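First the structure, in the form of structure tokens, and then the observations on it.
The values are calculated or read from the model by the stated rules, or taken from the named source; none is laboratory data. No experiment lies behind these values; they were computed from the predicted model shown. Here the Cβ is made from the backbone with ideal geometry for all residues, glycine too, and neighbour counts use every protein chain on show.
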Amino acid sequence: MSLKNRVFLKHMSRGQWFIVAGGTAVIILIGVLSWYGYTRFAILSKRIARLDTKIDERLASITELLQNNLAEATTSFGNALNQETKNIQVQLGGVKNQVGSITDTVTDLQKLSKIDPELLAKYSKIFFLSDTYAPARLVEIPLAYKYSEKAQLQIIPEVLHYVQKMLDQAKIDGIALYVESAYRSFATQQALKGQYTVIYGAGTANQFSADQGYSEHQLGTTVDLITTGLDGKLAGFETTSAYAWVIANAYRYGFVISYPKDNSYYIFEPWHWRFVGVKLATDLNNSNTYFYTMDQRTIDTYLISLFD
Ligand SMILES: [Zn+2]
């Protein structure tokens with residue numbers, strides 16, 4: 001310190017000291033405050049930076065979460081929609097099937113209403129045709145299929161076609177097969193029975209001619225078949241090749257033998273064939289059973305397919 005300064009310091013008044021001290025204190029304070037401020041600023045800056053990062057991270061994770069949730073919601077909504085669509089489709093399918101089955105039922109009923117249930121009824125001492133029963137329509141059997149030119153033979157129109165097809169095939173196979181008798185009214189049957197009774201006596205007549213009302217001939221679906229070489233008689237038919245052919249083939253044309261050998265319902269009538277429809281005749285043939293031994297309820301299920 002120079003002399004001049006020392007002199008100056010020595011001669012400073014108290015006021016001057018106070019100013020110097022105060023100034024120094026202020027400068028120090030400013031320095032301290034600046035340092036403190038700077039430090040705080042640095043810390044806060046770092047905190048803000050960290051906070052920024054955190055906020056960014058949170059934002060990113062929230063965004064991701066939202067995106068995932070949205071994707072999930074979309075997927076589950078899509079699935080629900082698909083399921084609902086499927087449910088509706090299934091329901092619609094069900095409704096369609098119901099409508100279809102109702103339509104089928106109506107069609108079946110319409111078809112059934114046109115088929116006479118008597119045509120597949122079993123006739124016995126309990127169930128018989130009324131004396132007023134007659135087929136709705138009858139047609140004449142063409143000459144080529146009749147054994148006797150003079151005989152007037154009638155059959156229901158739906159069955160004529162099957163008779164013709166059967167006899168045509170027999171002819172192709174070299175078998176002479178003809179219709180000897182077909183539709184017989186209640187009155188005709190009554191007269192025939194009376195005639196047989198007079199000739200053979202009631203006991204014998206009962207064995208080979210059904211009582212009126214029990215005869216399947218009244219239905220207009222039944223035929224008595226005959227072949228050449230029997231002198232126009234039905235007796236002996238079972239010994240002919242024509243009989244063997246009918247036994248083997250009649251079912252293909254919907255005909256069955258009503259009273260086969262050793263049946264417990266009636267005498268053996270090898271010539272007597274009743275039309276029951278191709279389906280029932282085929283099933284009876286395949287199961288080796290006869291019309292009269294089958295349950296009537298089972299038979300009735302074939303009514304709808306009688307003329308198929
Ligand atoms: Zn007959």
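Worth a mention:
- T188 being within 13 Å of the ligand (Cβ to nearest atom) and at pLDDT 75 or above: yes
- Test for L138: is it away from the ligand (no atom under 16 Å from the Cβ), in contact (Cβ under 8 Å) with a residue 40 or more places away in the chain and within 20 Å of Y266 (Cα to Cα): no
- Per this entry, E149 is not counted among residues that are more than 14 Å from the ligand (Cβ to nearest atom) and either in a helix (DSSP H, G or I) or at pLDDT 95 or above (or both).
Residues checked against (1) assigned to a strand (DSSP E or B); (2) modelled with pLDDT of 95 or more; (3) hydroxyl-bearing (S, T, Y); (4) surrounded by fewer than 20 Cβ atoms within 10 Å (Cβ to Cβ):
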{"residue": "D211", "(1), (2), (3), (4)": "no, no, no, yes"}
{"residue": "H217", "(1), (2), (3), (4)": "no, no, no, no"}
{"residue": "L225", "(1), (2), (3), (4)": "yes, yes, no, no"}
{"residue": "V246", "(1), (2), (3), (4)": "no, yes, no, no"}
{"residue": "N249", "(1), (2), (3), (4)": "no, yes, no, yes"}
{"residue": "R252", "(1), (2), (3), (4)": "no, yes, no, yes"}
{"residue": "D262", "(1), (2), (3), (4)": "no, no, no, yes"}
{"residue": "I267", "(1), (2), (3), (4)": "no, no, no, yes"}
{"residue": "T282", "(1), (2), (3), (4)": "no, yes, yes, yes"}
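- Odd one out for A144 among (1) modelled with pLDDT of 95 or more; (2) surrounded by 15 or more Cβ atoms within 10 Å (Cβ to Cβ): (2)
- Output for segment 243-266, where each listed residue is within 14 Å of the ligand (Cβ to nearest atom), touching a Leu at 6+ places or on another chain (Cβ under 8 Å) and within 16 Å of N288 (Cβ to Cβ): V256
- Whenever a residue of segment 177-196 is within 14 Å of E149 (Cα to Cα), it has no partner that is at pLDDT below 75 lying with C-beta atoms less than 7 angstrom away and at least six residues away or across chains.
- Screening L219 on (1) more than 17 Å from L129 (Cβ to Cβ); (2) within 12 Å of the ligand (Cβ to nearest atom) shows it passes everything except condition (1).
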